[in-house]
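Student: This structure is in structure tokens; I'll ask about it shortly.
The values are calculated or read from the model by the stated rules, or taken from the named source; none is laboratory data. Keep in mind it's a predicted model, so treat the numbers as computed, not measured. Don't worry about glycine lacking a Cβ; one is built from the backbone with ideal geometry, like all the others, and counts go over all protein chains shown.
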Amino acid sequence: MAMTTIVAITFSIFMFLTLPNESANATYQKTQTGNWLAGFSPLLRLILVNDQEWNRAKTCLIDKGLCQGFRNHSASSPWDYLYYVQLGCCSPPKRCGFLQRNESFWEIPESGFASQNEECQMWANSRNRGGCYDCDSCKAGYLTKFQMDWQADKALFVAILLILIVSTSLAFWTFGCRDESEHAREQRKYRNMVNA
């Protein structure tokens, strides 16, 4: 039980240190103007969007038809919980200046991109494939979704952690006191035997 409590405390500290303190929406909005992944901690990026993990997540998103669900998006869409992932993966960044011709097709303006960001070129190369799953904007949406989930469950994690700490403390106190009394009885028996 003590080991479980130590692991839970370590995990909680790790999560509080690696996730931004601001809301997921604020973090995502910051990514719109600069480096897509800069708003997220390097450790979180390393764990969730490294090549191996990202390929696994990307395959799942493609297999589930993420961008198809985004195109057919309605007010009560089952895809609402993936809004930021869809925004990053299924529509080009506003800073690129793509012209939207219909809900699934964007054109490069005749004047060229509004930004020279390499993300714009990646979108230009992938726009006919239904989304840009290798773009940093897609990874930023995925990290934002993770941050939203963590922030929604933060109170629950803290409550569970407190219960673990209290129960571990009570267990140590209870069993520690019993061990001391048994030890004291054994010492008295030994003293009685020596004195007799």
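Student: When region 108-134 is examined, which residues are found to be under 19 Å from Y83 (Cα atoms) and either within 11 Å of the chain's Cα centre (by Cα) or touching a residue at least 60 places away in the same chain (Cβ under 8 Å) (or both)?
Tutor: Hits for region 108-134 are G130, G131, Y133, D134.
Student: Looking only at region 1-56, count every residue that is of a type in the set (K, R) and modelled with pLDDT under 80 and tell me the total.
Tutor: 1
Table: residues versus (1) charged (D, E, K, R); (2) in a loop (DSSP other than H, G, I, E, B).
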{"position": "R101", "(1), (2)": "yes, no"}
{"position": "F113", "(1), (2)": "no, yes"}
{"position": "C120", "(1), (2)": "no, no"}
{"position": "Y133", "(1), (2)": "no, yes"}
{"position": "K139", "(1), (2)": "yes, no"}
{"position": "I160", "(1), (2)": "no, no"}
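Student: May I pose another question? Among the numbered conditions (1) surrounded by fewer than 20 Cβ atoms within 10 Å (Cβ to Cβ); (2) at pLDDT below 80, tell me where F113 comes up short.
Tutor: For F113, the failing item is (2).
Student: Considering each of S167, S137 in turn, give the residue that is buried (at least 19 other Cβ atoms within 10 Å of the Cβ) and touching a residue at least 60 places away in the same chain (Cβ under 8 Å).
Tutor: Going through S167, S137 in turn, the sole match is S137.
Student: Name the residues in region 34-62 that are surrounded by 12 or more Cβ atoms within 10 Å (Cβ to Cβ) and either among the β-branched types (V, I, T) or not in a helix (DSSP H, G or I) (or both), would you?
Tutor: Result: N35, W36, L37, A38, G39, F40, S41, I47, V49, I62.
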